[in-house]
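Quick notes on the structure that follows.
The values are calculated or read from the model by the stated rules, or taken from the named source; none is laboratory data. What you see is a predicted model; the values in this text were computed from it and never measured. We place every Cβ from the backbone using ideal geometry, glycine too, and count neighbours over all the protein chains shown.
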């Protein structure tokens, strides 16, 4: 690559006396390709039925954004606690090549949903799906009094590329969250810290038919609902 193809700030750095960076170039996040091995077509995202598909991030991946993605299967309220849910988010994200930190979209005994995303990223970074389609303008907009109303026509995808509203993998179109509309924990409604599927215990959930992620509805923990995962920081440093 010659200097004419570099941004001006990089040319200045390349021409410095000792060849060291000056720090004037802004950092950009370039996301690696995302791969999934599930079948495409029909209800799970396009492509040719019966063939595995390869998802490659569009050019918007150069901009800062946080992904909201569903686990590949529904879960009852028994998730081995918040750590068990977080681990599934981490594991499934890594399987498709996403290197950011993903956490379960849940409140629990020591965690408010609102606090999951890093403070510096809450007001200025868009929330997108696996295809980088914008779902919300930023994290704070989920807790602004609309019960996290999705944009019209928005599609939430699972890590293996399925549309959770259309695909039969999720017969019950509801999502667990355990929170009030402001993203604060509801101690009587999070399935005993996401450790039970008892029919007489409840967890706070939202019907996706409403187009909202934070609708206020107490549901039996025996139900198998969607569990979402939120990328809680766009920083991809190995130190994170």
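Only one entry in 206, 233 is modelled with pLDDT under 95 and under 19 Å from the mean Cα position of the chain (by Cα), namely 233. From the list 78, 107, 124, 115, which one is modelled with pLDDT under 95 and over 14 Å from the mean Cα position of the chain (by Cα)? Just a single option satisfies the conditions, and that option is 124.
Set side by side, the residues 135, 142, 130 differ, and just one is under 14 Å from the mean Cα position of the chain (by Cα) and part of a loop (DSSP other than H, G, I, E, B), which is 130. Under the condition of being over 25 Å from residue 215 (Cβ atoms) and out of contact with any helix residue (DSSP H, G or I) (no Cβ under 8 Å at 6 or more places or on another chain), the residues counted in the range 100-120 number 3.
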